[in-house]
Amino acid sequence: MLPRLPRSYAPTAEEAAAWADTLVRRRLLHAAIRVPTGQWLVQKTCGAPVHVLDGPAALLDLAADIQHRTRTRRNRIR
């Protein structure tokens, strides 16, 4: 597995919102809501505890982790 390269820019709230929408639509997350403080409330499944993420970078890190797990699992099945 290759290590992730560091970002050359700070993720924007709009980029995080797009990823959050995609993850929820694809049912990889139950809910992802941005609050006025810039934090994100994330719930993996219905009834699971709600996690507080510190901002867009934390949400993009979560999206990358989910994407990595999904791809790794898919490659094992093949």
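The values are calculated or read from the model by the stated rules, or taken from the named source; none is laboratory data. Just so you know, these numbers come straight off a predicted model, no measurement behind them. Note that we place each Cβ from the backbone using ideal geometry, even for glycine, and neighbour counts take in every protein chain shown. Only protein heavy atoms, including side chains, enter the accessible area calculation; ligands, DNA and RNA are left aside. Shrake-Rupley method; radii C 1.70, N 1.55, O 1.52, S 1.80 Å.
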Self-check item: Near pairs, Cβ below 9 angstrom, 6+ apart or cross-chain, from region 27-43 (within 12 Å of Ala16 (Cα to Cα) and assigned to a loop (DSSP other than H, G, I, E, B)) to any residue that is at pLDDT 95 or above and open to solvent by 60 Å² or more (accessible area, probe 1.4 Å)
Solution: Gly38/Asp54; Gln39/Val52; Gln39/Asp54
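For region 1-26, name all the residues that are assigned to a loop (DSSP other than H, G, I, E, B), open to solvent by less than 70 Å² (accessible area, probe 1.4 Å) and over 24 Å from Arg71 (Cα atoms).
Within region 1-26, the first condition is being assigned to a loop (DSSP other than H, G, I, E, B), and the residues that meet it are 1-12, 26.
Of the ones still in play, those that are also open to solvent by less than 70 Å² (accessible area, probe 1.4 Å) are 11-12.
Result: Thr12, single match.
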Quiz item: Which residues, taken from region 27-41, are within 14 Å of Gly55 (Cβ to Cβ) and either surrounded by 15 or more Cβ atoms within 10 Å (Cβ to Cβ) or touching a helix residue (DSSP H, G or I) at 6+ places or on another chain (Cβ under 6 Å) (or both)?
Solution: Ala32, Arg34, Gln39, Trp40
